[in-house]
Amino acid sequence: KEEPKKEEGKASEFSVAMVTDVGGIDDKSFNQSAWEGLQKFGEENGLKKGKGGYDYLQSQSDADYATNLNKLVRNDFDLIFGIGFLMTDAVTEIADQKPDNKFAIVDSVVEKPNVASITFKEHEGSFLVGVVAGLMTKTNKIGFVGGMEIPLIEKFESGFRAGVKAVNPNATVEVQYAGAFDKADKGKAIASSMYASGIDVIYHAAGATGNGVFSEAIDLKKQDPNKEIWVIGVDRDQYEEGKVPGTDKSVTLTSMVKRVDVAVYDLATKTKNGNFPGGQAVEYGLKEDGVGIAPTTKNNVPEDVLKKVDEWKQKIINGEVKVPTTRDEYKQFEASL
Amino acid sequence: MLNILEIIIPSAIFFAAPLIFTALGGVFSERSGVVNIGLEGLMVIGAFTGVVFNLTFADQFGQLTPWLAMLVAMVVASIFSLMHAVAAISLRADQVVSGVAINFLALGLSLFLVKMWYGKGQTDQVQVGFDKIDIPILSKIPVIGPILFSNGYLPSYLAIVLAFVVWYVIYKTPFGLRLRAVGEHPMAADTMGINVAKMRYIAVMLSGALAGIGGSIYATIISRDFSHATISGQGFMALAAMIFGKWHPLGAMGAALFFGFAQSLSIVGQAIPFLKNVPTVYLLILPYALTILALTGFIGRADAPKALGTPYVKGKR
Amino acid sequence: MSENRLTNILVPVFAVILGIIAGAIVMIISGYDPIAGYSALLYGAFGDRYYIGETIRQVTPYILAGLAVAFAFRTGLFNIGVEGQLIVGWLAAVWVGVAFELPKVIHLPLAIIAAAVAGALWGFIPGFLKARFRVHEVIVTIMMNYIALYVSNAVIRSVLSDQGFKSEKIHPSASLRSEFLQSLTDYSTLHYGIIISLIAAVVMWFLLEKTTTGYELRAVGFNQHASHYAGMNVNRNIILAMVISGAFAGIAGAMEGLGTFENVSVKAGFTGVGFDGIAVALLGGNNAFGIILAAVLFGALKVGALEMPSAADVPTELVDIVIALIIFFVASSYLIRLVLTRFKKEGK
Amino acid sequence: MEYVIEMLNIRKVFGNFVANDNITLQLKKGEIHALLGENGAGKSTLMNVLFGLYQPDGGEIRVKGKKVNIANPNVANDLGIGMVHQHFMLVDTFTVTENIILGSEPTKGGQIDIEKAEKEVRELSERYGLAVDPKAKIADISVGMQQRVEILKTLYRGADILIFDEPTAVLTPQEIQELIQIMKALVREGKSIILITHKLKEIMEVCDRVTVIRRGKGIGTLNVSETNPNELASLMVGREVHFKTEKQPPKVGKPVLEIENLVVKDARGITAVDHLNLTVHAGEIVGIAGVDGNGQTELIEAITGLIKSESGSIRLNGKEIRNLTPRQITETGVGHIPQDRHKHGLVLDFPIGENMVLQTYYKEPYSKRGILNFKAIYDKARQLIREFDVRTPDEYTKARALSGGNQQKAIIGREVDRDPDLLIAAQPTRGLDVGAIEFIHKRLIEQRDKGKAVLLVSFELDEIMNVSDRIAVIYEGKIVAIVDPKETTEQELGLLMAGSKRKEAGVSS
Ligand SMILES: Nc1ncnc2c1ncn2[C@@H]1O[C@H](COP(=O)(O)OP(=O)(O)OP(=O)(O)O)[C@@H](O)[C@H]1O
Ligand SMILES: Nc1ncnc2c1ncn2[C@@H]1O[C@H](COP(=O)(O)OP(=O)(O)OP(=O)(O)O)[C@@H](O)[C@H]1O
Ligand SMILES: [Mg+2]
Ligand SMILES: [Mg+2]
């Protein structure tokens, strides 16, 4: 259970809460990250967890989003986050119904005056890990495992492929979708077939399905410690997930981190200070430090590669390189190389 | 082509192993006349117990942990299945209803405990899993060695061996004969001095034990943690495998391997050149469509044990 | 006779009470406050007109899913495929809701019928395979669930959207939503679907108990040989039972598509409503009226549970435990009956 | 006097119902002792108490003078008591041997020693003249052989006291004779036997003593040599019983059922009915006599449309009905009292009332435009219950709760009430007591007298001889002889049924 927070910060004038999708605040992904941001905000402002402070509600099914958002409205939270693109409709609807309340949505855009939208340039972060993969691969065969084939994940895919191609035109990227974000068995089977076919780096954007990718890589590594195979994590720093038991090594090459916590913290602070960006869509990219590669990358990636990554990062930030977000854009990007 | 088989077959076997264990459990239970659609829930308990044990005791037991976790999961799931046994055998419950209750309870209880113990919706990742192995000697056989005996997990091979053991037990030993008698005609068994209730209790608990193993190896090898999504439908697939295999241990194993094969084909298929342009949805539904086709085409009707689903009440005609 | 009927009613009531008591014990053992927990639950289900609206909204598909399971059950078939039939029904309803623009009196019924037909078709396949090839309906319906999930996702992606993850919103003319109901319940997602599901319950009762078709279906469910002997077409009845069951499930999907969500999105997994329908049907004793009550109970538990973590710090999973125990006690009704008879005897 | 079994003042109560009310039965060593009573008199209950399936609520049991408590069948087995149940206790999917050894299997290294078991079974079967095939599946063997398996089960366990609960109800005359020989052989080996049967002739033939019970009460024990069937019947029923059913000479009319060259295959694809010819006229009862398994079942199922026939012709009142659906055939005017009342005759979980309209529910007045009219249905049910003396608490009671005899009466009521031109009755009195049999025979004759054609299939020669106006003997799927019951004997019929050709004319093929 939650450790009791400082009690003196009694019902202050500003309260904030979020609704997670079914993943919950410990999904090792954006829900967890968002909650970390909210916790940080709450603690720094002396709020307590619960009504009148900061809080979250977890949804048990798609049908719960609206109910949970509504519940938070009823509990008079000043700013209410819907976490995840799945919540788009529910946020749109409640924003209409409660025009006097302030809402925010992460990973999607809702065009309402009382909704602030937060999205990320996942393609930019993916591009960077793509650069890492392209430079680190020995076999010139790289894999991408997506959760579901939806536009959001397509952004990861396109950015990643662009990053690989940019630094290593000879490398091929094999793309597979598991069809779900919670099918570790499929993740494992896909990883197994990819590694068996000579792929040595797999980037997963597949939530819990990615657990299977990690488990396969770890098992292979345990069987043959000399095997050079890697996983690239997503959303958070997944270095720990890649730890090979009995060693201090990790199969995690790098991770594409998405700073939902930063964005959530940011927006909550703005709103508290009376600068609620209602009706706006704020996009967090490399420039805003909203996406990037994990600091643990240095454990497995040599200095010169990191340097290259930094160069590309600068190019993206100053607009020299426009990272593709769809497959069509990727085709153009590829042609332009 | 061989290369493709080297990819498909080991992954088929690893997909199939938890299903084989669980389906064999189902064979015991249903052969004794007790419907067990609670297999899903029993797998959940197995997965939960296996992961929690592994996380808690990995430091003490080291490499032995996953095996001990498997045994503990077996015991706990078997105790849990007692609920189904009491309801279905002693309390004459509708066995389907009781099985549904088991499924709900297993998931609710284990997630409740996870929240209580770990303060979150899922456990951490287990650190000590089963190792991938090449079976000595056998894996050196040309052609089939790499396909069948390399890159596998010991529990997977154990599952296949167990199917033969179960076959032996059910068809060659007095215990098996009595078990089948109880499932076909409990009153006849009763008049022959066989304790129907006792046989059924044993059978249901065996089903719990085996489903517990199935769940725990699934969680340890594949998901590595326990959450609401760890076991999602595998128990039902095992049930299907058991019916598909006509309540026969080797049939159930064959069906489970078939599911594993279809599943693995649907994944690896995306990488096979001539399947590459097939829309993914066709590959995704492949395992399920193939199963239906197989049932329709060449398996035909399966006869369930005659007394399946009916509580035995002494002296009732 | 009437004493028997009384027992039939008392059994689920006792099961519910025992389930709730057991849930309280679980809470006490694990260090939660059962009174706070249940108060939160109750408040979250009925404490406010908004919550009442949400509860009724949740009850709506439960009734239909329960009817679908029960209908098959009564005719001797176990339809685990309600989930898949619901998904295709949902898809079909939204498809019609998006693709056409018609007057409401035509559009709404058309969308619901489309859902019923889609569900019926999904039920037809296992029914047909059972009738024609004696293939066990349990396996086929399990497999059909997965096929429904993947196929509907593919359709949403490639037909109902441009590789997107959800369809457009349905036209208002196909919607079950109503300003009136929303204003009545302070913007809950309550919609007119509840009326449809209540009508469906009456239809099921009437069809099964009062018509010759229902007579045949029940006869086939109990004894195929005697039904064949009596001149009934056994195979036709097996198929019909699955088709009607599937139609109920399809309409349950329409409730989600035309009422609760007004669109359909790619699903990562099952909705669970179809599986909960099994429990609803069983608790409701597979009869229409019982199913309504059971659906209300389940709906209230599910919606009310959302209030428990925030108001009483109790994990929502507790409700799943309570539900499971209730089903368990219903299953073990023999025990309750035994106690009841003992009690009655002593009372005399 | 040495008694091997003494059941003294046994009382057994089910709920409020006293099934055994202080019944006493004493069995001497080496005797065959009959237990006689109407359906539901409590015979099976008493024997189940002795075999340990039920616990008595009063009285005591002594075995060889020693008071015992038979808590379960295992105890009974240990005391040397074996029981051949009224409803066979055999696992269909097992072999003969597996059924026999079940529960006391010989093993070798933890594995069933099936060879040893088969050898023992073979030895045992030779010793007592109980011919069985140890390797055959129960589902594939005849009822007679199944019964021999039941007997072997008890002998295998070393029983020397054997209980036979209505063993002859399901047997053909030949098989009954064989069984009688077997019982005599068993007694010669020093075994003692309790035999339950409704057939007084059998009692007279093989039994030494007989105990009669009526409605749960013991009426008394008699020496068979000092009594006669009439006395036994009236003791059992409590009134006079007529064995020969009175009937007028038939007024034979036009042909109703005409079968020509009918060929039917059984479930395994073997020809069961082989170019069979048969005609049944209005106003006559044709009885089909034959040993079980000579195509009777397939013949009836083909006529009633339950299975498809290969070729030939079946005409009803001149109209071809071969391979029509059961419903079309029923509507043409065929009524059918099926052989297996639980499987075909009734939906056991329906109330009696709904069972009464199983073929007519879709017609007025029972339904109109697809809506059932329960008032009409239950009115009809009440009428039939009254007319056919169906003993049931009410018309809402589930058919399952009725005794076999009453279930049968309900079926007959339903079929007769539809007023069919052809009534097919298959084993209509199997397992019923004399009172019920008398009632049913009267009803069949009543139909005939109303100008209907009746086709009766029965393994009971008595019944065939008594009720039929003409007897058609079926052998290997053909009608091998048509005889007049007044001009034949049981011996002759028995020979014909066994396939020996008749010298005189009248042989049709
Ligand atoms: N398990 C039971 N529960 C309740 N009542 C029973 C049970 N078994 C038998 N009875 C009652 O006991 C009576 C005697 O039944 P029993 O089977 O002993 O009759 P029977 O003499 O063997 O009849 P039959 O000649 O038809 O075999 C029945 O009429 C029935 O009312
Ligand atoms: N288990 C039981 N519970 C309640 N009543 C029973 C039970 N078994 C039998 N009976 C009652 O026993 C009575 C006679 O049953 P029984 O089976 O002895 O009849 P029967 O004429 O021998 O039937 P059958 O021809 O099937 O042997 C019926 O009235 C029935 O209600
Ligand atoms: Mg009887
Ligand atoms: Mg009897």
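Numbers below:
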item	result
Matching residues in region C:38-64 - criterion: being buried (at least 24 other Cβ atoms within 10 Å of the Cβ) and either touching a strand residue (DSSP E or B) at 6+ places or on another chain (Cβ under 8 Å) or over 26 Å from C:Gly277 (Cβ atoms) (or both)	C:Arg57, C:Thr60
Residue check, D:Leu53 hydrophobic (A, V, I, L, M, F, W, C) and touching a strand residue (DSSP E or B) at 6+ places or on another chain (Cβ under 7 Å)	no
Selection within region D:160-178 - at pLDDT 90 or above, in contact with a helix residue (DSSP H, G or I) (Cβ under 7 Å, 6 or more places away or on another chain) and away from ligand 3 (no atom under 16 Å from the Cβ)	D:Leu162
Residues of region D:21-41 satisfying the condition of being within 9 Å of ligand 1 (Cβ to nearest atom) and either within 13 Å of another protein chain (Cβ to nearest Cβ) or at pLDDT 90 or above (or both)	D:Leu35, D:Gly40
Residue that is nearest to ligand 4 (Cβ to nearest atom), among those in region D:386-426 that are at pLDDT 90 or above and among the basic types (Lys, Arg)	D:Lys409
Selected residue [more than 16 Å from ligand 1 (Cβ to nearest atom) and in a helix (DSSP H, G or I)] from D:Leu162, D:Leu124	D:Leu124
Every residue from region B:92-113 that is crowded, with 24+ Cβ neighbours inside 10 Å and more than 7 Å from chain C (Cβ to nearest Cβ)	B:Gln95, B:Gly99, B:Ile102, B:Asn103, B:Ala106, B:Ser110
Checklist (1) within 14 Å of chain C (Cβ to nearest Cβ); (2) under 18 Å from the mean Cα position of the chain (by Cα); (3) open to solvent by 10 Å² or more (accessible area, probe 1.4 Å) applied to B:Ile89, failing item	(2)
The listed residue being away from ligand 4 (no atom under 16 Å from the Cβ) and among the aliphatic types (A, V, I, L, M), out of D:Leu195, D:Leu262	D:Leu262
Per-region count, region B:178-189, residues open to solvent by 10 Å² or more (accessible area, probe 1.4 Å) and in contact with a Phe, Trp or Tyr (Cβ under 8 Å, 6 or more places away or on another chain)	4
Residues (more than 15 Å from the chain's Cα centre (by Cα) and not hydrophobic (A, V, I, L, M, F, W, C)) located in region A:142-165	A:Gly143, A:Glu149, A:Ser158, A:Arg161, A:Gly163, A:Lys165
Condition check for D:Asn16: over 21 Å from D:Asp160 (Cβ atoms), away from ligand 2 (no atom under 12 Å from the Cβ) and open to solvent by 10 Å² or more (accessible area, probe 1.4 Å)	no
Residue satisfying condition, being acidic (Asp, Glu) and under 22 Å from A:Lys308 (Cα atoms), within set A:Asp224, A:Asp219, A:Asp200	A:Asp200
Segments classed as helices (runs of 4 or more DSSP H), wholly inside region B:170-285, with at least 3 members that are over 30 Å from B:Leu111 (Cα atoms) and either of a type in the set (Gly, Ala, Ser) or within 14 Å of chain D (Cβ to nearest Cβ) (or both)	B:174-184, B:186-191, B:196-217, B:249-268
Single residue of D:Gln146, D:Gln174 found to be open to solvent by 10 Å² or more (accessible area, probe 1.4 Å), away from ligand 4 (no atom under 16 Å from the Cβ), within 13 Å of another protein chain (Cβ to nearest Cβ) and not acidic (Asp, Glu)	D:Gln146
Looking only at region B:218-248, and only at residues there that are within 10 Å of the chain's Cα centre (by Cα) and hydrophobic (A, V, I, L, M, F, W, C), the one that is most open to solvent (accessible area, probe 1.4 Å)	B:Phe236
Condition met for D:Val63 (within 14 Å of another protein chain (Cβ to nearest Cβ) and either surrounded by fewer than 23 Cβ atoms within 10 Å (Cβ to Cβ) or within 12 Å of ligand 1 (Cβ to nearest atom) (or both))	no
When residues of region D:1-18 are limited to those that are within 14 Å of another protein chain (Cβ to nearest Cβ) and at pLDDT below 90, the one farthest from ligand 1 (Cβ to nearest atom)	D:Asn16
Checklist (1) touching a residue at least 24 places away in the same chain (Cβ under 8 Å); (2) open to solvent by 10 Å² or more (accessible area, probe 1.4 Å); (3) at negative phi applied to A:Gly198, failing item	(3)
Of all residues in region A:1-23 being among the small types (Gly, Ala, Ser) and surrounded by fewer than 21 Cβ atoms within 10 Å (Cβ to Cβ), the one that is modelled with the highest pLDDT	A:Ser12
Qualifying positions in region C:308-331 - at the interface with chain B (Cβ under 7 Å from one of its Cβ atoms) and not in a helix (DSSP H, G or I)	C:Pro315
Residue list for region D:386-414, restricted to those being more than 16 Å from D:Ala436 (Cβ to Cβ) and among the hydroxyl-bearing types (Ser, Thr, Tyr)	D:Tyr396, D:Thr397
Candidates C:Leu86, C:Leu77, C:Leu67 - the one that is open to solvent by less than 20 Å² (accessible area, probe 1.4 Å) and either within 18 Å of A:Ala63 (Cβ to Cβ) or within 14 Å of chain A (Cβ to nearest Cβ) (or both)	C:Leu86
Scope region B:131-146; condition part of a helix (DSSP H, G or I) and either more than 14 Å from every other protein chain (Cβ to nearest Cβ) or crowded, with 19+ Cβ neighbours inside 10 Å (or both); matching residues	B:Leu138, B:Lys140, B:Ile144, B:Gly145, B:Pro146
Output for region A:162-215, where each listed residue is facing chain B (nearest Cβ under 9 Å) and among the basic types (Lys, Arg)	A:Lys183, A:Lys186, A:Lys188
Residues within region A:220-240 that are buried (at least 22 other Cβ atoms within 10 Å of the Cβ) and outside any loop (DSSP other than H, G, I, E, B), tallied	7
Pick from region D:68-120, criterion within 8 Å of chain B (Cβ to nearest Cβ) and on the phi > 0 side of the Ramachandran plot, ranking: nearest to the chain's Cα centre (by Cα)	D:Gly103
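Each row is one residue, and each column tells you yes or no for (1) assigned by TED's automatic domain parsing to the domain that holds D:Val480; (2) free of Cβ contacts under 8 Å to residues at least 40 places away in the same chain; (3) surrounded by 24 or more Cβ atoms within 10 Å (Cβ to Cβ); (4) not acidic (Asp, Glu).
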position	(1), (2), (3), (4)
D:Val291	yes, no, no, yes
D:Ile303	yes, no, yes, yes
D:Ser311	yes, no, no, yes
D:Ile321	yes, yes, no, yes
D:Arg341	no, no, no, yes
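The values are calculated or read from the model by the stated rules, or taken from the named source; none is laboratory data. Please read all numbers here as calculations on a predicted model, not as lab measurements. Every residue, glycine among them, receives a Cβ derived from its backbone with ideal geometry; neighbour counts consider all protein chains shown. Remember, those area values only see protein heavy atoms, side chains included, never the ligands or the DNA or RNA. Shrake-Rupley method; radii C 1.70, N 1.55, O 1.52, S 1.80 Å.
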